[in-house]
Amino acid sequence: MYEIIQVVHSYLAYIVLALLILAVFNAFSGWLGKKVFTMHKDLRLSLFALILSHIQLLVGLILYFVSPSGLNAIQSLGMGGLNAQARLLALEHPVINIIAIALITIGWSRHKKFVEGDKKFKSIAIFYGLGLVFLLSRIPWSAWFN
């Protein structure tokens, strides 16, 4: 079961990152280009990025509790016994990604309060962009490319 969840988490990450990059690019171009926020394209792109990032978080939390490199690593080695790679997987990756998803959620919630398209785009651009930067900062790149 652990291997299946790990594969789902890994492949879903590519989709989530692609959607987040598209949503951030779309929001910045809409904000800076003073475009109209449309329900058909802009809302759906941002919403799908939000939904898939939350699904990815749930899969990641399940993985954290069943993986030998998640909570089990902290319980068996203790915080002082973790090397840099183990600390990344057991602590930094989950905590920073929870913060990133919270930022994305804040961006989605804030955009709904505005009527003007530029304010909607600005909220999504800033908060989704920060969330994306946080996600990219704590991806275990060595595990992804092996």
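Å³ per residue of the Cα convex hull, for the chain? Write down the numbers at each step before the final one.
Details: hull volume 15.1 nm³, N = 146.
It comes to 104 Å³ per residue, whole-number rounded.
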Extreme residue, positive dipole direction of segment 69-146, given options ILE96, ASN83, TYR128 (C-beta unit charges): TYR128
Rounded to 10°, Cα long-axis angle of helix 44-66 versus longest principal axis of the chain: 10
Degrees separating the helix 117-137 axis from the principal Cα axis of the chain, which is the longest one: 20
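Once you have the alpha carbon radius of gyration of segment 12-80, what is it after dividing by 2.2 N^0.38 Å, with N set to its residue count?
Details: Rg = 17.5 Å, N = 69, 2.2 N^0.38 = 11.0 Å.
Taking the Cα Rg and dividing by 2.2 N^0.38 Å, one obtains 1.60.
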Degrees, to the nearest 10: 2-32 long Cα axis against longest axis of the chain: 30
Placed amide H near LYS35: partners under 5 Å, 5+ positions off or other chain: none
Helical contribution to [θ] at 222 nm, DSSP H n ≥ 4, -39,500 (n - 2.57), averaged over the chain, rounded to 500: -24500 deg cm²/dmol
For LYS112, LYS41, LYS119, order by how many other beta-carbon atoms lie within 10 Å, fewest first: LYS112, LYS41, LYS119
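Every read-out reported here was derived from the displayed coordinates using simple, explicitly stated rules and does not represent laboratory data. What you are looking at is a predicted structure, and each value in this text was computed from that prediction instead of being measured. Positions of Cβ are generated from backbone atoms using ideal geometry, with glycine treated the same way; all protein chains shown enter the neighbour counts.
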